[in-house]
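First up is the structure itself, then whatever we jot down about it.
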Amino acid sequence: MTAPGAWIVTDGKAGDEMQCIAVAEALGLAFELRRVAPRAPWSWAMPRGPIDPREAPDRPQSPIAPPFPDIAIASGRRAVAYLKRIRRDSHGHTFTVFLKDPRTGAKAADFIWVPAHDALRGDNVLATPGGPHRHSAARLADARQNPWPQIAGLGHPRVAVLVGGNSRNHHYRPEDIARFADGLRHFIADGAHLMMTTSRRTPQALSETLRQIAARGGHLLWDGSGENPLLQYLANADAVVATADSANMVGEALASGRAVHVFHPQGGHRKFDAFMAGLVGTNALHPFPGPLKVTTYEPVDSTPEIAEAIRRRFEAHRTARAPAPRG
């Protein structure tokens, strides 16, 4: 699929932006990142809007200044009103896509994707078990065939460890950090070699604990510099550990086709519980701490389905707007 132009509209939040990029890449679109930053009090009214007047399309350095693209893909609460403004000011030329529930109903965009555990439904809404991500089967296969030297030098079993951090619904208490570290040490005692990543939300105490584990040798810990190794970790892992504070992270892990051991810090959310419940019977998810599993299953990847649904809707949109033939 090709188009003269596509925008990705978010407030810069990494998880939202990466999902939009994954969809654009799956569609084969060249895209531009357009990041919005509404000030108070306009930010307080999000997602309903209106947008910050300073960022209106006719203002200097507006993130949504025309010419408008053929497709705009957005995600995040602050992006909803901006996507609706793009559709309005482009007079319907721009086909609008929103990822996750916009909280303003199905009319917020021409096409909406939501995870299956969300309640929003409509003729223009697609619900799938997992969300979009950039770890396609082809990319994973290539990374598996071409592992980085530091990964190729590790013994088996290799365990990718994807660590999130504190969020609105989850919090890492000292006892949670100790429990997580104990689980990793049990894996190491079983001969596992860890490939660990953290996030900007990871508590300092947990990061330091992981650093100490990595310093003993035979393990990897990404320090945030250089190329992100997540694709390489997932492709070359025999098992995965992921923390339950990020459904996106668990969803990415499921693309590996390797057993995903899920750690629950303090807190939780009913939507994540529903997401997990929807995967019962796939042999994909296992508790952590717990025994190391190296079972496999058919990878869970909804990205191609989401991209194909957008392609069909976009083609219908373009056909409907084409001028009628003369005569």
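Listed values, structure above:
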item	result
Residues that are at pLDDT 90 or above and either surrounded by fewer than 19 Cβ atoms within 10 Å (Cβ to Cβ) or touching a His at 6+ places or on another chain (Cβ under 7 Å) (or both), drawn from region 268-296	His286, Pro287, Phe288, Pro289, Gly290, Pro291, Lys293, Val294, Thr295, Thr296
Residue check, Val300 closer than 25 Å to Gly28 by Cα and at pLDDT below 90	yes
Flag if Ala40 is buried (at least 24 other Cβ atoms within 10 Å of the Cβ), among the small types (Gly, Ala, Ser), out of contact with any Asp or Glu (no Cβ under 7 Å at 6 or more places or on another chain) and not assigned by TED's automatic domain parsing to the domain that holds Ala247	no
Per-region count, region 285-308, residues touching a Phe, Trp or Tyr at 6+ places or on another chain (Cβ under 7 Å), part of a loop (DSSP other than H, G, I, E, B) and under 21 Å from Ala116 (Cα atoms)	0
Any hit, region 165-180, residues being within 30 Å of Ala74 (Cβ to Cβ) and hydrophobic (A, V, I, L, M, F, W, C)	no
Selection count, region 2-18, where residues are among the polar types (S, T, N, Q) and modelled with pLDDT of 95 or more	1
Test for Arg59: is it without any contact (Cβ under 8 Å) to a residue 12 or more places away in the chain and surrounded by fewer than 19 Cβ atoms within 10 Å (Cβ to Cβ)	yes
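Residue-by-condition table, conditions (1) modelled with pLDDT under 95; (2) part of a loop (DSSP other than H, G, I, E, B):
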site: Ala40; (1), (2): no, yes
site: Phe68; (1), (2): no, yes
site: Ala81; (1), (2): no, no
site: Arg85; (1), (2): no, no
site: Thr96; (1), (2): no, no
site: Ala119; (1), (2): yes, yes
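The values are calculated or read from the model by the stated rules, or taken from the named source; none is laboratory data. Bear in mind that the values here come from a model prediction, so they are computed numbers and not experimental data. When we count neighbours, we look across all protein chains shown, and the Cβ atoms used for this are built from the backbone with ideal geometry, even at glycine.
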